[in-house]
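Take a look at the structure set out below.
All of the numbers you see were taken from the coordinates with simple rules; none came from a lab. Please read these numbers as outputs of a predicted model, since none were measured by experiment. Note that each Cβ is placed from the backbone with ideal geometry, even for glycine, and that neighbours are counted across all protein chains shown.
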Amino acid sequence: MGILGISLIPNCAPSLEKKETREKNINPNSKEGLPIVISTWFHGLEANKVAMAIIQKDGKAIDAVEQGVMTAEADPENTSVGLGGLPDRDGNVTLDACIMDETGNCGSVSFLQNIKHPISVARKVMEDTPHVMLSGAGALQFALAHGFQEENLLTEKSKIAWEKWKKESKYQPIINIENHDTIGLLAIDKQGNIAGACTTSGLAYKMHGRVGDSPIIGAGMFVDNEVGGACATGMGEAVLKTLGSFLVVELMRQGASPQEACEEAVKRITKKQNYKDFQIGYLAINKKGEHGAYCIHKGFNYALSQGEKNEMYDANFYHQ
Ligand code: SD4
């Protein structure tokens, strides 16, 4: 079996042949180095900057990931996250987010409305409740009880876009390959601890009540302090069907590099689903500070911060 069809035998030592395959496939940008912060899409640059500044001051990865993605949630120009997110088909901005720390604790909110920073509500769920997920009206009730303020997240720009869409009301939940930008962010701090966060307003013009992959631990994001972490962006249904981020981390646990693991997770999707009309992108890091990135179609990019650098890179892609 080739390396990308990794067998599920724990601790199996990689053969020489496998090693050569790995070196060929390795992401040319991949290098080791801690601390590390990586995140999806162009808005990742700003998020990484905030996250890395916290880490450089000896802050914890969990604080870095939360505050990093909050920059995208607060940005009204970003039409896929928080304030300014494109609404569902009925005009409601509904939000999904999750967060996970180095101990395996995690929290999540889904189908949450009118709260600018769902990632912070998810963290509160993690820290102040015996649960992992709160959804809809219950998540809002919990947020308000914890001091979050309700506000309208539908900006004029998003409202105009929705009204234009409504004229045809073509309900085809197909992501425009170049136009989606959920933020998933992974970080390892100076103590070597990992954390991850993912936050989105999900697919534009989705059905009311639709929940994507982003708030599902193991789908939109997963970290394990023994191994590394992964996050996803793109058509959430495809990621949900394969529990992609968990898959990436488990492949790394068995010896795959972050790049190989991302490639295999994309191939699990392309093997079974008609991937022509949707995009999926994965990011992964391991505990050495190596990273991987892979997507179905050209166009997925990510921000990587290691040492002094914080730069954008294009991910390798499956569909040539
Ligand atoms: C979702 N995965 O709700 C999200 C959308 C996304 O960039 O990633 N957009 O399906």
> Which percentage, to the nearest 5, of the DSSP beta bridges contained in the chain is antiparallel?
Replying inline: 90 percent
>> Can you tell me the convex hull volume per residue for the chain, based on C-alpha atoms, in Å³ to the nearest whole number?
In response: 120 Å³
> Dividing the Cα radius of gyration by the Kirkwood radius, what Rg/Rh value follows for region 87-229?
Replying inline: 1.01
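Using a 10 Å cut-off around each Cβ, can you sort 227, 211 from fewest to most neighbouring Cβ atoms?
211, 227
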> For q = 0.25 Å⁻¹, what log10 I(q)/I(0) does region 39-120 give under the Debye formula with an equal point scatterer on each alpha carbon and no solvent?
Replying inline: -1.22
> Which residue, 152, 225, 286, has the most motion in a Gaussian network model of the chain that connects Cα atoms within less than 10 Å?
Replying inline: 152
>> Under a Cβ-only charge scheme (Lys and Arg +1, Asp and Glu -1), can you give me the dipole magnitude of region 46-141 about the Cα centre, in debye to the nearest 20?
In response: 80 debye
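Could you tell me which of the pairs 206/241; 157/309; 190/309; 206/267 are separated by over 24 angstrom between their Cα atoms in the structure shown? Intermediate results must be reported in sequence, preceding the final value.
On the way: 206/241 18 Å; 157/309 33 Å; 190/309 16 Å; 206/267 26 Å.
Those over the limit are 157/309; 206/267.
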> What ranking of 73, 127, 46 emerges when the number of other C-beta atoms within 10 Å of each C-beta is taken as an exposure proxy, fewest first?
Replying inline: 127, 46, 73
>> How would 120, 39 line up from fewest to most surrounding beta-carbon atoms within 10 angstrom?
In response: 120, 39
> Does region 144-294 classify as rounded, prolate or oblate by the C-alpha gyration tensor (a ≥ b ≥ c root eigenvalues; a/c under 1.5 gives rounded; else a/b over b/c gives prolate, otherwise oblate)?
Replying inline: oblate
> Given 37 °C and 0.692 mPa s, how large is the Stokes-Einstein diffusion coefficient of region 245-320 in µm²/s, with Rh as the Kirkwood radius over Cα pairs?
Replying inline: 257 µm²/s
